[in-house]
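Note sheet for the following structure.
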Amino acid sequence: MGHLRCRIMYILGGTSAKNVAENLASRLRQPLLHTTYKRFPDDEFYVRVLDDVAGQDVVIVQTAYPDQKIVELLLIQDAVHDAGAKKITVVLPYFGYSRQDKKFEQGEAISARAIAQHVSLHADCVITVDPHKEHILKFFTVPAYSCSAVSTIARYLKEKNVDFILAPDKGAKERAREAAALIDCEYDYLEKTRIDGTTVKITPKKLDARGRHVAIIDDIISTGGTMANSIRELKKQGAKTVSVACTHGLFVGGAKEKLLAAACDEIISTDTIETEFSTVSAAECIAETLLKTIPHIKN
Ligand code: R5P
C-alpha cells in the first residue's frame, strides 16, 4: 500500500447538518472546513469558505430541507467549486422533495428530479440516507449512492430491550425485517391507506404484540398520523410499551403532541434533521459510504 498517496477529505458542514458533519469529521479524523455564514437584512444567504480548497477533496454536508437550506446548499457548492476543489461530494442526510418522485397527475413537477439536477451541477458524487424510493438516485446526473441508518437505529432499540418490530405500512416492511433480524426478534406490518396529506387509515390486524416492547419503524415521521394510528392499534392489542423510530424526523403539524396523545413511550430519530428526538446519528452509515467512494483517505 506504500505507493498509494493518502488523501485528505475536507468536511464542510452546512447550517442544516452541523451535527452530522462534526460527527463525520471526528469519526474519519478529517478536518472541518472553516466558513462564514450570514444572512443579509433581506434574509438572503451569504457564504464564504475561509480555507484554501484548491485541488482538494471536499465533502459538503447539508440536509436539503426546508426550502431555504436548498438555496444554501447551491451557494455553498458554487463557492467550493469556484475555489477550485478537485472533487466535490455532496452528502444530503435528508433529501427534501424526494417523495414527489414521479408525476401523479398530468402537469405536476417531478420535484425530486428538479432538485437532483440542480445539486448535480457542482457535484462529482452524491450520498443520501434512506431515500423514500431508491430510484430517485437516478435523477442525479453524477454517481449517487444511498446508505441506511437502520442498523444504527436497530442497535439502539436492542439496547432498549425492544422485542417486536412493526412496519406501519408495506413500504416499511423491508426496513422492519432488517431491524428485526439485527435485534433477533419478530416483526410484522400493517396495511395503511392514505386518505390525504394528513389523514391515514390503518386496517385492523391481529398482531403478536401482547406484553411486548414494540418499536414501530419507518423512514419518515412527518405529521405523525401514521405512527399515532399504529401506536393506538398496538396499545389496544396489549403491547407493554410502544416507541417509534425513524431516520428522518420532520415532526410537522403538531406531530409530537399527536404521538404523545397516542401514549407513545419514546420517539427516536436520527440527526438527518436535527431535532430534540435525534437520539442516534446517521454519520456512521455515511462514513462507511464515504470511505468506499473516496478509498485512500489518510486517517
Ligand atoms: C410514507 O410512505 C412514509 O414512509 C411515511 O410513512 C410517511 O411520510 C409518514 O407521514 P406522516 O407522519 O404524516 O403520517
Along the dipole axis of region 217-293 (charges at Cβ: +1 for Lys and Arg, -1 for Asp and Glu; origin at the Cα centre), the most positive-end residue among Ile267, Leu234, Ala245 is Leu234
Here region 284-295 yields Karplus 3J(HN,Hα) values (6.51, -1.76, 1.60; θ = phi - 60°; whole Hz; Gly and Pro given as x) of 4, 6, 5, 4, 4, 5, 4, 5, 6, 7, 10, x
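Using a/c under 1.5 as the rounded threshold, could you call region 87-194 rounded, prolate or oblate? The axes a ≥ b ≥ c are square roots of the C-alpha gyration tensor eigenvalues, and prolate needs a/b larger than b/c, oblate otherwise.
Working: a/c = 3.71, a/b = 1.59, b/c = 2.32.
Oblate, since a/c reaches 1.5 and b/c is not below a/b.
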Lone Cys, the chain, Cβ cut-off 4.7 Å -> Cys6, Cys125, Cys185, Cys246, Cys264
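Hand me the GluC sites (Glu not before Pro) from region 38-109 located in a DSSP loop with no more than 14 other Cβ atoms within 10 Å, in residue order please. Intermediate values should be presented prior to the final figure.
Numbers: sites: Glu44, Glu72, Glu105, Glu108; in loops: Glu44, Glu105, Glu108.
Here the GluC sites (Glu not before Pro) that fit, given the DSSP loop and packing criteria, are Glu44, Glu105, Glu108.
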Dividing the helical contributions, -39500 (n - 2.57) per DSSP H run of n ≥ 4, by the residues of the chain yields a 222 nm value, nearest 500 deg cm²/dmol, of -9000 deg cm²/dmol
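Give, in whole angstrom and from largest to smallest, the semi-axes √(5λ) of the equivalent ellipsoid of the chain, with λ running over the eigenvalues of the Cα gyration tensor. Display every interim value, and only then the final one.
On the way: eigenvalues 259, 93, 56 Å².
Equivalent ellipsoid semi-axes, largest first: 36, 22, 17 Å.
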In whole percent, the fraction of accessible protein surface over the chain that belongs to carbon or sulfur atoms, probe radius 1.4 Å, stands at 50
Ordered by number, the trypsin sites (Lys or Arg not before Pro) in region 232-299 that occupy a DSSP loop and have at most 13 other Cβ atoms within 10 Å are Lys298
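Can you give me the accessible area per residue for the chain, using a 1.4 Å probe, in Å²? The partial results should precede the final answer.
On the way: 14010 Å² over 299 residues.
Each residue of the chain exposes 47 Å² on average to a 1.4 Å probe.
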Taking a ≥ b ≥ c as the square roots of the eigenvalues of the Cα gyration tensor, with a/c under 1.5 meaning rounded and otherwise prolate when a/b exceeds b/c and oblate if not, region 192-281 is oblate
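When all alpha-carbon pairs of region 1-56 are counted, what percent fall beyond 12 Å? Numbers along the way, then the final one.
Numbers: 1095 of 1540 pairs.
Counting pairs separated by more than 12 Å, the tail of P(r) holds 71 percent.
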Comparing Thr193, Thr226, Thr141 in a Gaussian network model of the chain (Cα, 10 Å), the one with the largest mean-square fluctuation is Thr193
Along region 15-26, Karplus-curve 3J(HN,Hα) (6.51, -1.76, 1.60; θ = phi - 60°) to the nearest Hz, with x for Gly and Pro, reads 6, 9, 8, 4, 4, 4, 5, 5, 4, 5, 4, 6
Taking placed amide H atoms and a strict 5 Å upper bound, the residues 5 or more places from Tyr189 or on another chain that come that close are Ala167
Tilt, helix 173-183 to longest principal axis of the chain (alpha-carbon atoms), in degrees rounded to tens, equals 90
So the angle from the long Cα axis of helix 225-236 to the longest Cα principal axis of the chain, reported in degrees to the nearest 10, equals 30
The alpha-carbon pair-distance distribution computed for region 27-147, with 10 angstrom bins and whole-percent values, is 13, 43, 32, 11, 1
For region 21-74 the trypsin sites (Lys or Arg not before Pro) that pass both the DSSP coil test and the at-most-13 other-Cβ-within-10 Å test are Arg29
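Cα-Cα over 19 Å: which of Lys235/Lys258; Lys205/Lys235; Lys69/Lys133; Lys133/Lys205; Lys201/Lys236? Please report the intermediate quantities before stating the final value.
Details: Lys235/Lys258 15 Å; Lys205/Lys235 13 Å; Lys69/Lys133 21 Å; Lys133/Lys205 26 Å; Lys201/Lys236 16 Å.
Lys69/Lys133; Lys133/Lys205, as the Cα separations exceed 19 Å there.
The values are calculated or read from the model by the stated rules, or taken from the named source; none is laboratory data. All of these numbers come straight from a predicted model, not from anything done at the bench. Methodologically, a virtual Cβ is constructed for each residue, glycine included, from the backbone with ideal geometry; neighbour enumeration extends over all protein chains shown. When the accessible area is computed, the model is the full protein with side chains, heavy atoms only, and any ligands, DNA or RNA have been set aside. Shrake-Rupley method; radii C 1.70, N 1.55, O 1.52, S 1.80 Å.
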